[in-house]
Structure formats: C-alpha cells, structure tokens
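Report on the following structure.
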Amino acid sequence: MLHRITMRRILRSILFCVLSACHCGAFIQGSRCILLAESLAGCSTTRNPRNAALRAGRRRLSMKAETDDDGEWLNAGLLRRKGRSAPVQRVIEPISDVPSVSIGERDWGRFAGVSVMGYKGTTVARTSNQDSILAGEIGERSSLFAVFDGHGDAGHDVSRYLAKHASEAFTPIARAMEAAAVSEDDLSKMMAAAMSQLHKDVCQQPFDSLLSGSTGIVVMVTERAGGERQLVVGNVGDCRCVLAWRGFGGKLTTSQLSVDQTPDRPDEQKRIEGCGGVVGMIDLLPDPPRVISMEEASARGVNDGPARVFFKENEWEPPHDTCFPGLAMSRSLGDSILDELGVLPTPEVTVRDIKAKDLFVVMASDGVWQVMSNEEVARTVEGAAGQARRACEAIYAEAATRWEQEATGPYRDDISSFVIFLQRQDADAAGTPQGAAEPASDVGR
C-alpha cells in the first residue's frame, strides 16, 4: 500500500510540475497528418489537461506493480489467461454480491434494471461490482437510463461517480428537447459535450483514473412539445442498446441502436494508429508475451482475447515496456493515460422517434453481449410476460449460465441490464396491472 501511494505521488508531481500542453488526435490521410478538431474527435481539452505531461515524464517514471512484490502485468485479460505473467494469482471472494435493482414506471410504461457482480480469478479482481446503473426523471417529461461498466483498479469508483452525476449532465439536453425541436446534429454535439464534461470531472477526482475508466451507455426517453416521444442513445465503449419491435406478420424483430466501439473497428483503428497507438492482440506463446497485429493473428489463427490498444514497445520502462496497457475498447470515460492515443470520451448518438410497433429497449453491459446475441436477449424479454424485473433476472440467469459454460477459468464478468417497455398496457400478459409492484426475487444471491 505504501509503495502504491508513493508511486501515485510521484506521478502526480510529474503531472503538475511539467508544463501542460494540449494534444489533439490525428489520423493519416495520404502523407499528411490531419489534426481533428475537438468538436469532431474529442481528443483535446475534453481530456484531462494535466495528463499531457506524461510524455515528458515517461522515461523517468518506472511504474511498478501495485499488488505483489514480484510485480505483475496490468493487463487483466492477460493475467487471467497466462499464469506465468502473474507470479501470484488468487480468487478474491466478494464481500457482498447483493445485486443492484432499479424498478419503476412512467406514464408510457414500466422499466427495471438489475446489476450483479461477477467474479474474476486474478489479483486485479475487485471486491465490488464495477458496473453501475441509473434510472431517473430529468426535465419535465423525460427519463434517463444509464449503464456504466468500469474497468481497472478504480473502475468501480469511476462508474459510480458517473452514475451519481449523469442526471445533472443530461438534464439540460432533456429540457432543450422538451421546449423545441432539436436537430440530430445538435443533439450529437450536446451529448458529446455532456460526456466530455463527465470525463473531465472524473479525471479531477481523488481516485485513480489514469489506468481506470468506464464505458457507458445512456438512453433518454423524452416527450416533446407536440406529445411525440423520442429515444436518444449515446454510447461510449462496448455497452449496447437494442430495440425490439413487431415486424411483418407480428415477428419479433431487433434493431441495434448503438455500435460497439472496439479497437479493431476500421474507423476506430484508423484513428488510434494515426495517434501513434498500436491495435493488436497478445500472443501468449512467447515468454514474455508480445503484441501482434490483427492481420498476423488472423493469418496464424491466434485468438487470445479481443483486440486491444497498446503503446508501442519501449515507450514505458520495464515491466511495462510491452503489452501495455491493453485496453479492450476504443472509447471510454477515464483511462487518461490513453488520451494521446485517441481513446475518446465522445459518444456515438442515435435518435429515433418511438412508434406504436416499438415494444421495448434493452441496454446492457458487455457481460451480457459477450455471451448472448441481440435476438436471444429479445426473446428472453418476450418470455417474461411484460414484467420488466422478471425480464432482467432472466437475462442475468442466462448470461451467468453461459459464462460458466464458456469461461476457461474462474471468471464471470459483471452483468447489468435495463429493460424498458415503451408501450403502456392496462395489464400485462401475466395479469399484473400497470402500477402494481412486480414480485421480488433473489437474483444473484
């Protein structure tokens, strides 16, 4: 613990003593390096300015391990898969795995959210759920739903901070939409500004956001001045939002309202590599492991986890001179060490008018989407007979079962989901009237 505190003090001293400089993301077009404006790329002062000093101090700073005397890789995925990269491994039992539950209803329908802690068989594992969920009323006729999926040593702190302060950040957007028509372009800019402010605020908190962060997805359901309802989805990272509706012949159909932001998505990879980063996969055969390109991994049939974002080799001193830090998403809130490599807090925004055929929305962390398809999740909700909490619990149960079946070791990701029914009914298929409490259960216990 003393060593950990000392290293943080050294890092903060470097950050404050070296002159800060704004840095922009870039991408390569032909032979030119084109700087992206902050409003388009979010790769400038939307990030914590004090972290611009990292480049100047990197050669003087040797980041040592924080948990074991022998040292360990900070890449949690690698720790989980390769024992010799982590001299000491143990399963940390959770202090409590009581799930977080949010249940309610609006004039237009009911909703529920459930978040249950997983378990990770490494020394990087946390003793608390790193996911955080939020449901609240904002503005006069708007509702906000959010799922934040933290990662890293202080990922739980990041996600909880975001959930606590998201309502304040998005309330001005809801009020603007309630008062007058707002174009999709303006909504995208307003959502980007809100997320960027949340990111800057996270980076000013006392917990570590250098190597910790969170993905996040927010959904606003807003009733505009004319009475029409509208969905606004903002996504940073690899959480996901799916809409279910009745298609031709009454068939249950899904539409994905967000796109996963992964490092190997072509447009995301282009930005990261243009900023000097490396997108690749860890090859576990050499000792120590090394980063290989996605093309090499595909050609050799290597599949040791997802694509990740790395610094180039020898950018940091040992033991972090390779395979560092290995973030498995291309956008996030926090993770300020990756500012200069183009990992953005800027959301991709989808706007949709709610139609009579639209049934429900499911938003969830990747603990669900890694093991279940959009269609499987939608069918699971359909089988819950209109009860939102029962639907969330069924999603959790199925996802948890699949993690146990597919995991190569003692690992299950945190699992969080919201089910939001978009149409009000006098009674659901199970005979529970709207407004009546849904039955409680012991999900996750």
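The values are calculated or read from the model by the stated rules, or taken from the named source; none is laboratory data. Predicted model only: the values in this text are computed from it and were never measured. Backbone-built Cβ (ideal geometry, glycine too); neighbour counts: all protein chains shown. The accessibility values were calculated without ligands, DNA or RNA, using every heavy atom of the protein model including side chains. Shrake-Rupley method; radii C 1.70, N 1.55, O 1.52, S 1.80 Å.
Some observations on this one:
- Cβ-Cβ FRET estimate between Asp304 and Gln370, R0 fixed at 25 Å, reported to 0.05: 0.95
- For the stretch 201-308: relative contact order, % (alpha-carbon pairs under 8 angstrom, 6 or more apart): 15
- Here is the list for the stretch 139-190: GluC sites (Glu not before Pro) lying in DSSP coil, each with at most 12 other C-beta atoms within 10 angstrom of its C-beta, are Glu140.
- Solvent-accessible area per residue for the stretch 138-263 (1.4 angstrom probe, square angstrom): 35
- Pairwise centroid distance, computed over Cα atoms, of the stretch 130-151 with the stretch 356-413, Å: 19
- Rounded percent of accessible protein surface that carbon and sulfur make up, the stretch 245-399, 1.4 Å probe: 50
- The stretch 316-427: relative contact order as a whole-number percent, Cα under 8 Å and 6+ apart: 30
- Rounded FRET efficiency, nearest 0.05, which uses the C-beta distance separating Glu140 from Glu168 and R0 of 22 Å: 0.90
- Using the Cβ-Cβ distance between Glu228 and Lys312 with R0 = 51 Å, the FRET efficiency computed as 1/(1 + (r/R0)^6) comes to roughly 0.50.
- Computed over the stretch 341-399: relative contact order in percent, which uses C-alpha pairs under 8 Å that are six or more apart: 28
- Cross-link pairs Lys120/Lys189; Lys200/Lys270; Lys120/Lys355 - those with Cα-Cα distance over 30 Å: Lys120/Lys189; Lys120/Lys355
- The slack between Lys357 and Phe207, meaning 0.36 nm per residue of separation minus the straight C-alpha distance, is 49.5 nm.
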